[in-house]
Amino acid sequence: MSKPPEILLMDSLMPQQTRDLHQLDKAHFIHPFTDFSVFKEKGCEVITRSAGIHVEDSKGNRYIDGLGGLWCVNVGHGRREIGDAMAAQASKMAYYSPFNNLTNEPATLLAAKLAALAPAHLQHVFYSCGGSVANDTAIRLVHYYFNQKGLPRKKKIIARKSGYHGTTYLAASLTGTASGNWGFDTVEGLVTHISEANCYRRPAGLSEAQYADFLVDEFKTTVEKLGADRVAAFIAEPIMGAGGVLVAPEGYHRRIQEICRANDILYISDEVVTGFGRLGHYFASEAVFNIQPDIINIAKGLTSGYSPLGATLISDAIYDVISRPQCKEGVLSTGYTYSGHPVSCAAALANLAIMERENLCRHVRETAPYFREQLQNRLYAHEIVGDIRGSHFMIGMENVADRDSKALFPAEARVGQRIAEECQKRGFLIRPLKHINIMSPPLIWTREVIDTVVAILDESIAAVVDSLKKEGFIQ
Ligand SMILES: Cc1ncc(COP(=O)(O)O)c(C=O)c1O
């Protein structure tokens with residue numbers, strides 16, 4: 001029997017049979033955040049399989065995943081029950097519109113579940129497809145909220161340098177990382193970026209407490225300069241991720257929130273990375289930092305990356321305002337075809353069931369001190385390790401040429417990249433971010449896994465120090 005045309009087309013595109021996957025990828029897939037000078041020559045490594053804490057590439061190399069995919073595979077790889085839940089939902093009802101007064105079972109159940117897990121005042125969920133769009137949605141809703149309240153001038157957003165909030169137009173405008181928007185435009189006049197909270201590189205002579213005063217004062221002054229009647233919201237990650245895993249000084253978030261409250265400014269917490277166990281709790285804002293944000297944005301760990309899903313959780317107070325009809329037949333005109341996608345929501349429910357059953361938040365809380373202790377005991381022995389920071393399963397290691405002055409190696413030393421390459425040779429994937437290395441592992445790492453990766457890091461950094469000496473970067 002001859003094959004139907006669509007199957008013939010699929011066959012002609014089947015890479016293993018007809019063409020080299022590597023070449024096809026180079027020819028057709030524009031990857032996010034690609035360095036084309038390297039990509040056009042080398043292309044990509046193809047990750048073909050994953051299970052538990054491991055991923056495997058097309059050459060059969062197996063690695064311990066130190067990145068959790070991209071800060072997201074919280075319950076670990078290859079969880080059959082998430083795949084089964086998605087397959088069951090796809091077979092039962094893969095998609096129907098969520099607009100107006102239509103819903104689907106997984107989206108409703110998940111919204112209720114999120115409301116139960118979130119801080120008590122956040123009982124309403126607006127779904128999107130990922131972190132950038134969750135942040136976009138938050139800004140749109142904040143503007144709508146102030147319009148509804150009759151305060152249309154209150155529109156400006158205060159964000160932070162080195163903050164990462166995504167790359168859709170609005171999210172990119174919130175993002176403040178140095179290289180985040182190279183060559184791209186952002187929305188003009190909307191966002192003001194204040195200093196990031198970088199305790200390691202705080203101004204010389206300031207104690208951590210004085211540094212907190214300095215940052216809080218800067219925020220206060222910025223509100224005064226912009227005018228409280230113009231400022232709608234402040235957005236921050238509880239711990240900055242892609243900006244270098246930066247932990248704010250004690251009390252910082254709380255004090256900023258107090259100023260927000262006093263000035264009718266909404267506090268948006270971007271928990272796209274910190275949510276779902278990475279800091280030992282489903283939500284870190286209240287449990288770890290003692291703040292009650294008006295909005296929390298989530299994505300990534302919500303489905304452990306098994307399916308795209310993001311959400312904006314909003315307070316009852318905001319809901320009360322935005323749910324008032326603006327006029328007869330006036331609707332809340334924002335949302336996406338895939339808001340509350342049934343298959344993604346089924347993935348999230350299965351993911352949360354695993355987290356609960358295996359008590360992964362508790363596991364992270366119990367394992368994190370050991371992780372931290374091992375990293376500090378072993379890695380500070382290397383002269384280039386300047387700072388090991390972060391919290392729980394969100395760790396950054398900053399490498400320096402001189403510990404006293406905190407001077408960096410020149411960019412051509414590629415120190416973060418070298419460490420990542422040495423780790424990769426030894427079967428461990430860690431993320432380089434210029435001179436920093438980042439770990440955001442699956443939450444299922446045990447003490448044994450920690451021993452293995454710390455030993456690999458130890459050996460890899462020693463190898464990098466040797467090569468830096470040989471090349472004259474270290475005298
Ligand atoms: C804190 C934070 N917010 C938002 C985003 C953007 O999420 P997405 O890539 O799903 O759009 C990221 C992505 O890394 C992130 O780290």
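The values are calculated or read from the model by the stated rules, or taken from the named source; none is laboratory data. Since the model is a prediction, treat every value here as computed from it, not as a measurement. A quick note on method: Cβ atoms are made from the backbone with ideal geometry, for glycine too, and the neighbour counts reach across all protein chains shown. Please note that ligands, DNA and RNA were not included when accessible areas were found on the heavy atoms of the full protein model with its side chains. Shrake-Rupley method; radii C 1.70, N 1.55, O 1.52, S 1.80 Å.
Against the test of being assigned to a helix (DSSP H, G or I) and free of Cβ contacts under 8 Å to residues at least 24 places away in the same chain, the options 287, 317 yield a single qualifying residue, 287. Does any residue of the stretch 204-217 turn out to be surrounded by 22 or more Cβ atoms within 10 Å (Cβ to Cβ), assigned to a loop (DSSP other than H, G, I, E, B) and not assigned by TED's automatic domain parsing to the domain that holds residue 387? Taking every residue of the stretch 204-217 in turn, none turns out to be surrounded by 22 or more Cβ atoms within 10 Å (Cβ to Cβ), assigned to a loop (DSSP other than H, G, I, E, B) and not assigned by TED's automatic domain parsing to the domain that holds residue 387.
Just give me the residues in the stretch 270-284 being part of a loop (DSSP other than H, G, I, E, B) and within 14 Å of the ligand (Cβ to nearest atom), in sequence order. Of everything in the stretch 270-284, those that are part of a loop (DSSP other than H, G, I, E, B) and within 14 Å of the ligand (Cβ to nearest atom) turn out to be 271, 272, 273, 274, 275, 276, 278, 279, 283. The residues in the stretch 21-55 that are of a type outside the set (D, E, K, R), within 22 Å of residue 65 (Cα to Cα) and open to solvent by 50 Å² or more (accessible area, probe 1.4 Å) can be counted, and the count is 7.
State yes or no: is residue 231 among the hydrophobic types (A, V, I, L, M, F, W, C), within 19 Å of residue 295 (Cα to Cα) and more than 16 Å from the ligand (Cβ to nearest atom)? So residue 231 fits the description; yes. Among helices (runs of 4 or more DSSP H) entirely within the stretch 77-173, having at least 2 residues that are within 16 Å of the ligand (Cβ to nearest atom) singles out 131-148. The set of residues in the stretch 445-455 that are open to solvent by 40 Å² or more (accessible area, probe 1.4 Å) and in contact (Cβ under 8 Å) with a residue 24 or more places away in the chain comprises 446, 447, 451, 452.
A Cβ distance below 9 Å, combined with a sequence gap of six or more or placement on separate chains, defines the contacts here; from the stretch 26-46, residues that are over 23 Å from residue 132 (Cα atoms) and basic (Lys, Arg) reach residues that are open to solvent by 90 Å² or more (accessible area, probe 1.4 Å) and in a helix (DSSP H, G or I) in the pairs 26/40; 26/42.
Any residue that is under 27 Å from residue 90 (Cα atoms) and part of a strand (DSSP E or B) - is there at least one of those in the stretch 291-302? Show your work before the answer.
The initial filter retains those residues of the stretch 291-302 that are under 27 Å from residue 90 (Cα atoms), namely 297-302.
Okay, now just the ones that are also part of a strand (DSSP E or B), so 297-298.
Checked the stretch 291-302: at least one residue is under 27 Å from residue 90 (Cα atoms) and part of a strand (DSSP E or B).
If you go through the stretch 218-265 and pick out every residue that is in a helix (DSSP H, G or I) and open to solvent by less than 10 Å² (accessible area, probe 1.4 Å), you end up with 7. Does the stretch 247-269 contain at least one residue that is touching a residue at least 40 places away in the same chain (Cβ under 8 Å), within 15 Å of the ligand (Cβ to nearest atom) and not hydrophobic (A, V, I, L, M, F, W, C)? Checking the stretch 247-269: not a single residue is touching a residue at least 40 places away in the same chain (Cβ under 8 Å), within 15 Å of the ligand (Cβ to nearest atom) and not hydrophobic (A, V, I, L, M, F, W, C). For the stretch 456-475, a residue qualifies if it is touching a residue at least 24 places away in the same chain (Cβ under 8 Å), of a type in the set (Gly, Ala, Ser) and open to solvent by 20 Å² or more (accessible area, probe 1.4 Å), and the qualifying residues are 462, 463, 467. Of the residues screened, residue 2 is not one that is touching a helix residue (DSSP H, G or I) at 6+ places or on another chain (Cβ under 7 Å) and modelled with pLDDT under 95.
What residue, of 318, 298, 268, is open to solvent by less than 10 Å² (accessible area, probe 1.4 Å), touching a Gly at 6+ places or on another chain (Cβ under 6 Å) and of a type outside the set (Phe, Trp, Tyr)?
Working: 318 fails: touching a Gly at 6+ places or on another chain (Cβ under 6 Å); 268 fails: touching a Gly at 6+ places or on another chain (Cβ under 6 Å).
Going through 318, 298, 268 in turn, just one is open to solvent by less than 10 Å² (accessible area, probe 1.4 Å), touching a Gly at 6+ places or on another chain (Cβ under 6 Å) and of a type outside the set (Phe, Trp, Tyr): 298.
Of the residues making up the stretch 363-387, those that are touching a helix residue (DSSP H, G or I) at 6+ places or on another chain (Cβ under 9 Å) and not in a helix (DSSP H, G or I) number 5. Against the criterion of being under 24 Å from residue 57 (Cβ atoms) and either under 19 Å from the mean Cα position of the chain (by Cα) or surrounded by fewer than 22 Cβ atoms within 10 Å (Cβ to Cβ) (or both), residue 413 does not qualify.
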